[in-house]
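What follows is a single structure, written as structure tokens, with notes after it.
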Amino acid sequence: MPSAAAEYLRVTDLHAFYGESHILHGVDFTVNRGEVVTLLGRNGAGRTTTLRAILGLVGSRSGSIMVNGVEAIHLPPHRIAYLGIGYCPEERGIYASLTCEENLLLPPVVRSGGMSLDEIYQMFPNLKERRSSQGTRLSGGEQQMLAVARILRTGAQLLLLDEISEGLAPVIVQALARMVRMLKDKGYTIIMVEQNFRFAAPLADRHYIMERGKVVEEIPAPQLESRMDMLHEYLGV
Amino acid sequence: MTEIFGVPIQALFGQLLIGLINGSFYAVLSLGLAIIFGLLNIINFAHGAQYMMGAFLAWIGMTFLGVNYWWALMLSPLAVGVTGVIIERTMLRWLYRLDHLYGLLLTFGLALIVEGLFRYKFGISGESYPVPETLAGGINLGFMFLPKYRAWVVVASLVVCFVTWYVIERSKLGSYLRAGTENPQLLQAFGVNVPLMITLTYGYGVALAAFAGVLAAPIFNVNPVMGSNLIIVVFAVVVIGGMGSIMGSIVTGIGLGLIEGVVKSGMVANLLGAIFDEVPIVGSIVYPVKLLFSPEASAVTIFVIMAIVLLLRPAGLFGRER
């Protein structure tokens, strides 16, 4: 059993709604400090909504979201960020009216201990080269790097990464895998929503499988191989 | 006397100055509308009433409280800005998820109420506001006489416009504003208090209108409908410049004021006449165009330009297609 101190995020009986439609039906899971956890499932299973519900970006929500011992369910989104959460949305959310560097500097620092601009440019030399280009003029891979890089500056310790490997060339996906591994080594806690199982499998400590707005299975990485059949059934691959 | 296309040069410069003054008001007012539309997605039809409130508060302050022009120039926009903050917090906030039309209807209703109240209290005949002493009189430029106050209006408007532009396009605060215009949800998830930013933006946009109102008080008659006369033209300016474009509203505002002035001087009609009157057939085709750009029709010039721009570039001269 992980101790309460090691627990960074505990989601209990989370329900989320967009207007009339009830999307999440009581999601439960925990993420420990320094862990990489994936949310797997078919399209529409509620994985992206789970991330958005944690951030308060859904119509309404109920249940409990404990971040670092603080209840976040009733906080507005801008306060939740200050609990130390960084978000990289599925559509990347690069701003067209901002330059690459303005995009990078946009999210406010929420905690001390974030990476400096120099460190980020060292990690992503492409972004330095294109610092004054319009954000959306960057290539898909560069935009993805930018979307992740900008939350590393803020001091957020819990990163919510939604489909970061989607639609990118294999060589860039490999670079992203190296990046996630490096972030894990630096002590970041990461939740990844992934369609690309081959990308996520070697990176994660644990996998949660979602179906119809609920977490239905938890698979620790060591058991992955023995439970592949079940996984395939859920994911329909 | 020197003439350009049949227009005495003094008359031309006179009209250009009037155009520049009007253009300055168009620019400040359409800038406020552009900022509000960008972040709030609301077409602020109360803008004219808020401009009128700015002028009236200056007049009330001077008449009853002895507040001089310079204080009024600061306090009146501040006071009207606060009413804007209250309106945003209590009313506009509930409309963001709905169609533009609801915000337009609400602010239009507010404009009618405010104008009605002022009309009830102060009547329709209007009040005059004296030019501040330091800016009384004028300078003889040789080719024309430039009243100091009018020069001040142009300079003050341009400074306010360009400072606003600079803050939005070049500063950190401006990057929040631009990001909030594009994708406010994500910006809030990053930890920016977007609801507060929206409230203050509406307050600032409204304060800009009131600032223009105070500037206008010594030039125009201060009366309850001064805003509704102006705001229709300002909306045309916004449409021509492109909804939500900052630089677009400044440049278009000044530019259209000047064009209006040139048309009013009669130069455009004379020029069209000189070129096309003698040409068979073409002359008679151009004739109605000449009428549209004659001094008598100068009030509709901006709307003619609006129609042309909408036909050629529906998003406006500086607007991006959405």
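Readers should treat all values here as calculations from the given coordinates under stated rules, not as data from a laboratory. Since the model is a prediction, treat every value here as computed from it, not as a measurement. Cβ placement follows ideal geometry from the backbone for every residue including glycine, while neighbour counts extend to all protein chains displayed.
Taking beta carbons within 10 Å but only from partner chains, what does the mean come to for residues A:72-80?
If you average over the peptide's residues, the count of other-chain Cβ atoms is 4.
Quick one: 3J(HN,Hα) in Hz for segment B:252-262, Karplus 6.51/-1.76/1.60 with θ = phi - 60°, rounded, Gly and Pro as x.
With the stated coefficients, segment B:252-262 comes to 5, x, 5, x, 5, x, 5, 4, 4, x, 5 Hz.
Taking θ as phi - 60°, what are the ³J(HN,Hα) couplings along segment B:80-92 by the Karplus curve (6.51, -1.76, 1.60), each to the nearest whole Hz, with x for Gly and Pro?
Taking θ as phi minus 60°, the curve returns 5, x, 5, 4, x, 4, 5, 4, 5, 5, 9, 10, 4 Hz for segment B:80-92.
State the Cα centre-to-centre distance between segment A:1-60 and segment B:107-151 in whole Å.
Between the Cα centre of segment A:1-60 and that of segment B:107-151, the gap is 59 Å.
How many partner chain Cβ atoms sit within 10 Å of a residue's Cβ in peptide B:174-185, on average, as a whole number?
Average per residue, whole number: 5.
Per residue of segment A:100-113, in order, report the coupling 6.51 cos²θ - 1.76 cosθ + 1.60 (Karplus, θ = phi - 60°) as ³J(HN,Hα) in whole Hz, putting x for Gly and Pro.
Rounded to whole hertz, the list is 3, 5, 4, 4, 5, 8, 5, x, x, 6, 9, 8, 7, x.
Cα centroid distance between segment B:203-274 and segment A:134-204, in Å?
49 Å
Using modelled backbone amide H atoms (1.01 Å from N, in-plane), which distant-in-sequence or interchain residues come within less than 5 Å of residue A:211's amide H?
A:216
For segment B:1-76 and segment B:79-96, compute the distance between their C-alpha centroids and round to whole Å.
Centre-to-centre (Cα) distance: 22 Å.
For a quick check, take a GNM of chain B with Cα springs below 10 Å and name the residue from B:234, B:192, B:263 with the largest mean-square fluctuation.
B:192
Taking only C-alpha pairs under 8 Å that are 6+ residues apart, what is the relative contact order of segment A:64-111 in percent?
31 percent
Near the amide H of residue A:99, under 5 Å away, which other amide H atoms are found, from residues 5 or more places off or on another chain, if H is placed in the peptide plane?
Result for residue A:99 returns A:135.
What residue among B:136, B:112, B:161 has its Cα farthest toward the positive end of the dipole of segment B:14-262, where the charges are +1 on Lys, Arg and -1 on Asp, Glu, each on the Cβ?
The Cα lying farthest towards the positive end belongs to B:161.
Which pairs in the list A:186/A:214; A:214/B:172; A:128/B:172; A:184/B:172 are over 29 Å apart, alpha-carbon to alpha-carbon?
From A:186/A:214; A:214/B:172; A:128/B:172; A:184/B:172, over 29 Å: A:186/A:214; A:214/B:172; A:184/B:172.
Add -39500 (n - 2.57) for each DSSP H run of 4 or more in chain B, then divide by its residues: what number comes out at 222 nm, to the nearest 500 deg cm²/dmol?
Rounded to the nearest 500, the figure is -23500 deg cm²/dmol.
Between B:78, B:20, B:310, find the one with the highest GNM mean-square fluctuation for chain B; connect C-alpha pairs within less than 10 Å.
Highest fluctuation among the options: B:310.
When you count, for each residue, the other Cβ atoms within 10 Å and take the mean per peptide, how do A:11-19, B:213-221 rank with the highest first?
Packing order, densest peptide first, comes out as B:213-221, A:11-19.
Provide the percentage of antiparallel DSSP beta bridges, counting only those with both residues in chain A; round to the nearest 5.
Once the DSSP bridges in chain A are tallied, antiparallel ones form about 60 percent.
So in the protein assembly as shown, what percent of DSSP beta bridges are antiparallel if you round to the nearest 5?
65 percent
Please report, in debye to the nearest 20, how large the charge dipole of chain A is about its Cα centre when each Lys and Arg carries +1 at its beta carbon and each Asp and Glu carries -1 there.
480 debye
Run the dipole for the protein assembly as shown about the Cα centre, Lys and Arg Cβ at +1, Asp and Glu Cβ at -1, nothing else charged, and hand back the magnitude in debye, nearest 20.
620 debye
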